[in-house]
1. Can you tell me the length gained on complete extension of the stretch F96 to I84, counting 0.36 nm per residue apart and subtracting the Cα distance?
2. So, R0 is 35 Å and r is the distance between the beta-carbons of N72 and T244; what FRET efficiency does that work out to, to 0.05?
3. Could you give me the ³J(HN,Hα) list for segment 145-150, computed from phi with Karplus coefficients 6.51, -1.76, 1.60 and θ = phi - 60°, whole Hz, x at Gly and Pro?
4. Strictly over 30 Å apart at the Cα level, which of K242/K330; K43/K212; K235/K317; K136/K318 would you flag in this model?
5. Mind checking which aspartates and glutamates have their Cα closer than 12 Å to the Cα of K86? Skip sequence neighbours fewer than 8 apart in that chain.
6. What are the ³J(HN,Hα) couplings of segment 197-208, residue after residue, when phi is run through the Karplus curve with 6.51, -1.76, 1.60 and θ = phi - 60°? Round to Hz, x for glycine and proline.
7. Excluding K235 itself, what net charge comes from residues whose Cβ is under 10 Å from its Cβ, given Lys and Arg +1 and Asp and Glu -1?
8. What is the dipole size for the chain, taken about its Cα centre, with +1 at each Lys and Arg Cβ and -1 at each Asp and Glu Cβ, in debye to the nearest 20?
Amino acid sequence: MARFWVCVASAGFFLAFLVLHSRFCGSPVLRNIAFAVSWRTEKILYRLDVDWPKHPEYFSGITFCVAVDSLNGLVYIGQRGDNIPKILVFTEDGYFLRAWNYTVDTPHGIFAASTLYEQSIWITDVGSGFFGHTVKKYSSFGDLVQVLGTPGKKGTGLNPLQFDNPAELYVEDTGDIYIVDGDGGLNNRLIKLSQDFMILWLHGENGTGPAKFNIPHSVTLDSAGRVWVADRGNKRIQVFDKDTGEWLGAWNNCFTEEGPSSVRFTPDGKYLIVAQLNLSRLSVVAAPLVGSIGECSVISTIQLADQVLPHLLEVDKKTGAVYVAEIGAKQVQKYVPLNSHVPAFGS
């Protein structure tokens, strides 16, 4: 069923509402997205691609994370549940390709680090089983290539390296790796590893001050060489120099209701897309100029339906499409820039 509310709220003018497409796919949560945008103050930059994916019935568990291989036009989704495939692979057009479940216990974060010579998928595994508390590298078909951490054993050690609920990672084209560890575990730290897995720098103390964390949940880089961390428990985003690890500043003013759970930049570097889990909200935030962190300024928001719960998101580096892993709705949804060729609302 599709309903439409048209919503424009402006004092002294008219009031109407727009309810977008909704659907069920084995979940009690309505698959609808409601925009609540003041047209006087916000730009509408994205629209929902309701035709993605073509076969949502493949979402058989709780969808926690999503990665995009922009080079090859592939979308990887990590889901949790018993006796189900943990990793699903779709095309960017929404067609299901394959699934695999090898050596994956409980996926939390996922990242596609493909080059012309190699297609790599990295997964943070927070499970309590034999494969848990690790960061693992796979081929695109699920072959295990590399394991970081001590499988099945959580810890705080650095030599050998140990993790406890590693939340997410970001891999540069150079092969350098940025890991936020962890999601409510023993560790509250940001680690940079070289391509040969040597620790280059880290910040690893629990707290509220600069370069301290309370549930660092997501990490990304911008084109100016800055590392952005969703410091979820402290309701802020912290920023670091990628080469030295120097703390550059923080954004506190945009997240007074709830901390950010996911951060990614648009391909042009103009905006940072931020998810807030329990608010079921996506915010498009203006990226600061080089040399200044400034304050957070929200340009646009996408208000999802209650209990959709956007956990982690990814942005396609080629098309700018935003993919959102929603643990409440048990699905991944795709938003496309308004200037995209994808038909609006499936028309």
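The values are calculated or read from the model by the stated rules, or taken from the named source; none is laboratory data. Only a predicted model underlies this, so the values are computations on that prediction, with no experimental measurement involved. In this analysis, Cβ positions are derived from the backbone assuming ideal geometry, glycine residues included, and neighbour counts consider all displayed protein chains. Heads up: the accessible areas ignore ligands, DNA and RNA and are worked out on the full protein's heavy atoms, side chains in. Shrake-Rupley method; radii C 1.70, N 1.55, O 1.52, S 1.80 Å.
1. Gain in length upon complete extension: 2.8 nm.
2. 0.55
3. Rounded to whole hertz, the list is 10, 8, 10, 10, x, 10.
4. Correct reply: K242/K330; K43/K212.
5. K86 reaches D105, D125.
6. 6, 8, 6, 8, 6, 7, 10, x, 10, 6, x, 10
7. -1
8. 720 debye
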